[in-house]
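To start, the structure under review is shown below, and the notes come after it.
No value in this document is a laboratory result; all are computed from the given coordinates. Since we're looking at a predicted model, the values are computed, not measured. Cβ: placed from backbone, ideal geometry, glycine included. Neighbour counts: every protein chain shown.
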Amino acid sequence: MHTLPVVDYHVHLTDTFTIDRAVVLATSRKLKFGIVSHPGANYGIETDADLRAYVDRLHQFPVYAGLQPVHLGWADAFSDEAIQQLDYVLMDADTVPLDDGSYLAIWRHDLFIEDMDAFMDRYMNYILQILTGEPIQIFGRPTFLPINFARHHDELWTQDRVTQIIDAARERNIALEIQENIRIPTPEFVTLAKKAGIKFTFGTNARNHNAGNLKYCLETAQACGLTEDDMFLVN
């Protein structure tokens, strides 16, 4: 029986998975959801007024109001005061910028990357840009890899790369997400991060009734001896 504060901080709403349905599901699972949306024109969050309206709407319900930006420099569109109305900002490194101004959507299942080493150099640079420069509280999906070479996880996530992520997160007090649906990071990574004083969150990245299904998260927390002191909590 876990005694941790259980929150799924990585839940998205859709036209069918509405805030009302999310609240009912969270209540039935005896936990709390953090709702995230992406800033930008496609999501109707482009200005301070948009951001405040988004937060105000979510705060009418028993959920946390989060934001999940996908590009560097996202905060330039908003004032510090508006951003501070959010309960947290979660950002992952799944949209990797390329030299020509386009982006590599590494979450796509049909994506193929030929040169693993060149990709990892670019990927690590992007991760460290996020961790050292972006105004975030949670780094999502740490150690995710594109599907065509995910089987090389242990080879590619070297001690040096893992240490760089953990050290950068610790420097700015950024929590690391334990991701349910892709079962990362490993217990070994979590143990190292715990020893470094890192805080953790749980997340499903769900847009449906998988939200709050935190089996891997809780198993990993137990295996690594996480306590309430190791968990990120909204202020």
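Of note:
- Scanning residues 5 or more positions from ILE178 or on other chains, those with amide H under 5 Å from its amide H are THR201, PHE202, GLY203, with H placed 1.01 Å from N in the peptide plane.
- Listed values for region 86-101 are Karplus-derived 3J(HN,Hα) couplings in whole Hz (6.51 cos²θ - 1.76 cosθ + 1.60, θ = phi - 60°), namely 5, 6, 5, 10, 10, 9, 10, 10, 7, 10, 8, x, 10, 5, 8, x, and x replaces Gly and Pro.
- Gyration tensor verdict on region 1-41 (Cα atoms; rounded if a/c is under 1.5, prolate if a/b is larger than b/c, oblate otherwise): oblate
- Listed by chain and number, the aspartates and glutamates placed with their C-alpha closer than 13 angstrom to that of LYS195 are ASP167, ASP229, ASP230; residues fewer than eight positions away on the same chain are left out.
- Residue among LEU86, LEU98, LEU111 with the largest mean-square fluctuation in a Gaussian network model of the chain, springs linking Cα atoms under 10 Å: LEU98
- Going through (1) 17.2, 51; (2) 16.8, 47; (3) 18.2, 55, the figure that equals Rg and Dmax of the Cα atoms in Å as computed for the structure here is (1).
- Separation between Cα centres of region 38-103 and region 14-36, rounded to whole Å: 20 Å
- Distant-in-sequence amide H partners of GLY40 (H built 1.01 Å from N, under 5 Å): ILE45, GLU46
- Residue order, fewest to most surrounding Cβ atoms within 10 angstrom, among VAL190, VAL96: VAL96, VAL190
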